[in-house]
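Below you'll find the structure, written out as structure tokens, and then a few comments.
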Amino acid sequence: MGKVKQFFEDFKAFALKGNVLDMSIGVIIGGAFSSIVTALTDNLINPIIGILMQTNLDNVAWDVFGDGKLVFGFGAFLSAVINFVIMAFVLFCIVKFAHSLMDAAKKKEEEAPAAPAGPTQEELLAQILEELKAQNAAMAK
């Protein structure tokens, strides 16, 4: 019974770490953003492409023999590729922005003046020794 309890305690510690929570929030937001991109593609981009092709992009297909038995429906695939390209571009922009923020923070940290170096242990010990010698000399008078 102790191993099961330890397992659940380990899982709780893992699940409640900040990184796991941040990642799960990112996945949820990514899923929501994906539905926005899909709606954009389905309701705006596909109809614009459909105007050029004079049919809905999802209906674009190639009937190999002309009898409807072997049909390659590549319009839906093309729509998925457009979704992927939009998502990849947006994620690229987000990552690029995050890296520029991190680089700016790192550069600012490097530019910050370093704290003045304090005396070393040897210098402190030498000062203590001088002080003790001065006190001994004053007591000897």
* Asked: Of all residues in region 55-70, which are of a type in the set (V, I, T) and exposed (fewer than 13 other Cβ atoms within 10 Å of the Cβ)?
  -> V64
* Of all residues in region 47-66 being part of a loop (DSSP other than H, G, I, E, B) and of a type in the set (G, A, S), the one that is farthest from A80 (Cα to Cα) -> G66
* Answer with yes or no whether N43 is among the polar types (S, T, N, Q), at pLDDT below 85 and either loosely packed, with under 12 Cβ neighbours inside 10 Å or part of a helix (DSSP H, G or I) (or both). => no
* To do: Hey, can you tell me all the residues within region 99-141 that are of a type in the set (G, A, S) and in a helix (DSSP H, G or I)?
  => S100, A104, A105, A126, A134, A137, A138, A140
* **From K96, K69, residue being among the basic types (K, R) and in a helix (DSSP H, G or I)** => K96
* Residue list for region 84-135, restricted to those being surrounded by 10 or more Cβ atoms within 10 Å (Cβ to Cβ) and polar (S, T, N, Q) -> S100, Q127, Q135
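The values are calculated or read from the model by the stated rules, or taken from the named source; none is laboratory data. Fair warning: this is a prediction, and the values are worked out from it, not measured in the lab. All Cβ positions, glycine included, derive from the backbone under ideal geometry; neighbour counts span all protein chains shown.
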